[in-house]
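Student: Sharing a structure, written as structure tokens. Questions coming.
Every number here is computed from the coordinates shown, using simple stated rules; none is lab data. Worth saying up front: this structure is predicted, and the values here are computed from it rather than measured. We place every Cβ from the backbone using ideal geometry, glycine too, and count neighbours over all the protein chains shown.
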Amino acid sequence: DVPSWLKSLRLHKYAALFSQMTYEEMMTLTEHHLESQNVTKGARHKIALSIQKLRERQSVLKALEKDILEGGNLWTALQELQQIMVTPIKAFRPPPAPPANGAPDGAPPGAADAFAPHPAADTEAPAAPVPDGDIPGQFTRVMGK
């Protein structure tokens, strides 16, 4: 929700400018582009810094996950998560996966693994890494800790 994010930055007067661009365009904004749109110098700088923070969210979330697992301060992590919640977050759509383990095209997912042995019940498989750009997935993973 870009308008709410801008309001949290006290830059809501620029909501109309942002409403005309895609998420990808917003994430590549530069101070030069903002200057060409008559954004004031202070606001340009604040927007550029804020967009840089948006780009760093996934690494921040990974660090939070690690910190929580190592017994870090949960209150600090929750405050950071709350700040991330007010930022614009694009839905993640992973690229289509190729058929796994020789499953024929059009077969239901996991069809080739239908009779594969499951790991022992008392062992937990390591979590798969969250793909780059999957902010919602990384956020959910941190919340699950």
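Student: Roughly speaking, what % of Cα-Cα pairs in segment 1-73 are separated by over 18 Å, rounded to a whole number?
Tutor: Details: 1165 of 2628 pairs.
Percentage above 18 Å: 44.
Student: Still on this structure: Pop a pseudo-label 7 angstrom from the Cα along the beta-carbon direction at both THR22 and LYS90 and give the gap in nm to one decimal.
Tutor: About 0.7 nm separates the two model spin labels.
Student: With a point put 7 Å past each Cα toward its Cβ, work out how far GLN79 is from LEU49 in nm, to one decimal.
Tutor: For GLN79 paired with LEU49, the spin-label model returns 1.8 nm.
Student: Tally Lys and Arg at +1 and Asp and Glu at -1 over the other residues with C-beta under 12 Å from the C-beta of HIS33: what net charge comes out?
Tutor: On the way: positive: ARG44; negative: GLU25, GLU31, GLU35.
With Lys, Arg at +1 and Asp, Glu at -1, the neighbours total -2.
Student: Another one. Please identify the trypsin sites (Lys or Arg not before Pro) of segment 45-92 that satisfy two criteria: DSSP loop assignment and at most 16 other Cβ atoms within 10 Å. Which are they? Could the numbers behind the result be given before it?
Tutor: Values: sites: LYS46, LYS53, ARG55, ARG57, LYS62, LYS66, LYS90; in loops: LYS90.
Answer in residue order: LYS90.
Student: Let me ask another. About the Cα centre of segment 2-55, what is the dipole size in debye to 20, counting +1 per Lys and Arg Cβ and -1 per Asp and Glu Cβ, all else neutral?
Tutor: Dipole of segment 2-55, to the nearest 20 debye: 320 debye.
Student: Can I ask one more? Loop only by DSSP, 12 or fewer other Cβ within 10 Å of the Cβ. Give me the GluC sites (Glu not before Pro) in segment 13-98 that pass, ordered by residue number. List each step's numbers first, then the result.
Tutor: Values: sites: GLU24, GLU25, GLU31, GLU35, GLU56, GLU65, GLU70, GLU80; in loops: GLU56, GLU70.
Here the GluC sites (Glu not before Pro) that fit, given the DSSP loop and packing criteria, are GLU56, GLU70.
Student: Then there's this: In the structure shown, do any of LYS13/LYS66; LYS7/LYS66; LYS62/LYS90; LYS46/LYS66; LYS7/LYS41 have a Cα-Cα gap over 27 Å, and if so which?
Tutor: Details: LYS13/LYS66 38 Å; LYS7/LYS66 31 Å; LYS62/LYS90 18 Å; LYS46/LYS66 29 Å; LYS7/LYS41 18 Å.
Those over the limit are LYS13/LYS66; LYS7/LYS66; LYS46/LYS66.
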